[in-house]
1. For the range 242-347, count the residues as N, evaluate 2.2 N^0.38 Å, and divide the Cα radius of gyration by that value, please.
2. Provide, as a two-decimal number, the C-alpha radius of gyration of the range 234-294 over 2.2 N^0.38 Å, N being how many residues it has.
3. Which residue, Asp310, Asp205, Asp138, has the most motion in a Gaussian network model of the chain that connects Cα atoms within less than 10 Å?
4. Mind telling me which of Val248, Val209, Val52 comes out most flexible in a GNM of the chain, alpha-carbon contacts under 10 Å?
5. Which entries of Lys30/Lys75; Lys91/Lys188; Lys111/Lys173; Lys275/Lys321; Lys173/Lys318 show an alpha-carbon separation above 28 angstrom in the structure shown?
6. Dividing the alpha-carbon radius of gyration of the chain by 2.2 N^0.38 Å (N being the number of residues), what value is obtained?
7. Please compute the contact order of the range 242-347 in relative form: average sequence separation of alpha-carbon pairs under 8 Å and at least six residues apart, divided by the residue count, as a percent.
8. Treating the range 96-236 as a set of equal point scatterers at the Cα positions, no solvent, please give the Debye-formula log₁₀ I(q)/I(0) at q = 0.14, 0.16 Å⁻¹.
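Laboratory data are not the source of any read-out in this text; all were calculated from the coordinates shown. As the structure is a computational prediction, the values presented were derived from the model and not from experiment.
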Amino acid sequence: MKDLEQLRKEIEKIDSELIRLMIKRNEIAKEVGLLKNKKGIGLRNIDVEKKVMERYRRMSENTLLPPDVAEAICKLLIDSSVELQSGLLNKKCEKKISIVGGSGGMGQWMKRYFERMGAEVNIIGRSSGSPTDAEDSDVVIISVPPSAISATLKKMVPFCKEDALIFDISSIKSPFADDIKEMAKHRKVCSVHHMFGPSAKTMLDRNVVICDCGCKEAVSEVADLFDSEGSNLIFTSIERHDELMAYVLAFAHASNIVFFTTLRESGISFDELNKIASTTFKRCLNASVPVSEENAPLYHEIQRLNDNIDDMWDVFEKAFKEVKKASLSKDPDRFIEIMESGKEYFSDHQ
């Protein structure tokens, strides 16, 4: 019988072979991506991806490798291949672009994104550049805090070319919605929100919200700029954007902040709770810990400056009270009803 060290060496050898094969798989995936690019074929084919995952499940049936694990590995491999292929797309942008306030995380992301497509990018910040630097820019991007956008737009617009495309990338629109809609009556202006952070390497499967402020031409041109690398473009009005963000951002942030604040106020140390963590508790931690490390002043603006925030908090408080009442009731019917209604709400997605 082999000893423990021999068995570990065999596993190490297999691991090395697995890595070699995964690298080889990505090399072939790169060739596939180049061929897709040449023939103008779409980046993703969901039907093909489903068949590949089904094949992995089928191959693992009646083995020591659970089909769920095989499928999870397959998904990671597919994601890696698609991510690789998305970087091969040859979309070009030969425009001159000025990013106002581009020293922040998303401003720097924009810089990298457009430079990757061949654009000439200029940063106008507090310590570098001036409004006059945007005079010959084809695109002017406003990347400053929500509370400063109105003033920045009014300062920059007089220096922009008549046909320049101008848009902000703020996560909340209420503070300047009226001003930007007024500008859109006589300038090529709209509003954009990238639903991801500056750590994103590509646009693959990332959501980009484009808000129509009254200028269809601006919406069309912005869509062309960001319709690349497998992105998902979502079009809405600037008013509807903040209605949705009250839940997608403000509520999501608040519920995680309430989670870790409740733990802290409980008087029980995190180490003690974490040692006996359940699956659900760990899932909550996976969301809440990163939130606790985010930009607190920005998160406060997302809460405070959204015109729809009071409605969200009213719904939140009502739901909290109802769940509390149902949880403490001796009759389980209402609690079960709440759980079932949640399952039904999510059923279409599943």
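1. Against the compact-globule rule of thumb, the ratio is 1.21.
2. 1.43
3. Answer for the Gaussian network model of the chain: Asp310.
4. Val52
5. Lys275/Lys321
6. Compactness ratio reported: 1.22.
7. Reported relative contact order: 36 percent.
8. -0.57, -0.77
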